[in-house]
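Here's the structure we're looking at; comments come further down.
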Amino acid sequence: MKDIIIASNNKGKINDFKTIFPKANVIGISEIALDFDVDETGKTFKENAILKAESASKQLHKIVIADDSGLSVKALNGEPGIYSARYAGEAKNDQDNMDKLLENLKGIEDRAAEFVCAIAVSEPNKETVTYIGTVQGEIIDEPRGENGFGYDPIFFVPSLDRTMAELTSAEKGAVSHRGNAIKLMNEDIGERFQ
């Protein structure tokens, strides 16, 4: 079984990768590098994914996948964007972030949004490669569903007539921003993970 190291401590993201790579041994970086921490100083999802992947690969001398992802709401000029996980503040949680987003959208009719995922793959002595996946949807006022994490309960996908939190892990993996980025990665360099 192939090891796939994910440069993330986010259990939700790691579970998404486990669903997408069911035949691999997906390892969150905290399992092998307890002190791993990278300042996400990039201005885009892609820049932050590269920072994390290259830092982890350099530290571990192994191939590493990192992702940086979040929600972009059209009417809020792309907010929360790269600050999605800490939109309501560093010490806040998913519910606080959703509450702040819904407060900022009060009275706004255009609820168009997209989830964006940038994946970076860094391998010693090779150039880092990146892949961008998105999924289109809209923000609803009342959370629906028990699955997923982050903004999933208020991110409604019209083509499925469900929120991301109403999808099973497998269904989410097939349509999500992360799933779409990983499809692109697999088409390009999937043999590295076989």
Scope the stretch 130-145; condition within 18 Å of the chain's Cα centre (by Cα) and within 22 Å of ASP99 (Cα to Cα); matching residues: VAL135, GLN136, GLY137, GLU138, ILE139
Criterion violated by ALA181 - all others in (1) in a helix (DSSP H, G or I); (2) farther than 21 Å from ASP3 by Cβ; (3) aliphatic (A, V, I, L, M); (4) under 16 Å from the mean Cα position of the chain (by Cα) satisfied: (2)
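Table: residues versus (1) of a type in the set (Phe, Trp, Tyr); (2) assigned to a helix (DSSP H, G or I).
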residue	(1), (2)
LYS13	no, yes
PHE17	yes, yes
PRO22	no, no
ALA33	no, no
THR41	no, no
GLU47	no, yes
ALA53	no, yes
SER69	no, no
Of residues in the stretch 162-178 being surrounded by 15 or more Cβ atoms within 10 Å (Cβ to Cβ), over 17 Å from GLU114 (Cβ atoms) and free of Cβ contacts under 8 Å to residues at least 40 places away in the same chain, the one farthest from the chain's Cα centre (by Cα): GLU166
Close pairs (9 angstrom Cβ cut-off, 6 or more residues apart or separate chains): small (Gly, Ala, Ser) in the stretch 12-29, assigned to a helix (DSSP H, G or I) and at pLDDT below 85 anywhere: ALA24/PHE17; ALA24/LYS18; ALA24/PHE193; GLY28/LYS11; GLY28/LYS13; GLY28/PHE17
Among residues of the stretch 55-67, those that are within 11 Å of ALA33 (Cβ to Cβ) and either touching a Gly at 6+ places or on another chain (Cβ under 7 Å) or not in a helix (DSSP H, G or I) (or both), counted: 2
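The values are calculated or read from the model by the stated rules, or taken from the named source; none is laboratory data. Fair warning: this is a prediction, and the values are worked out from it, not measured in the lab. Please note: Cβ atoms are built from the backbone with ideal geometry, for glycine as well, and neighbour counts cover all protein chains shown.
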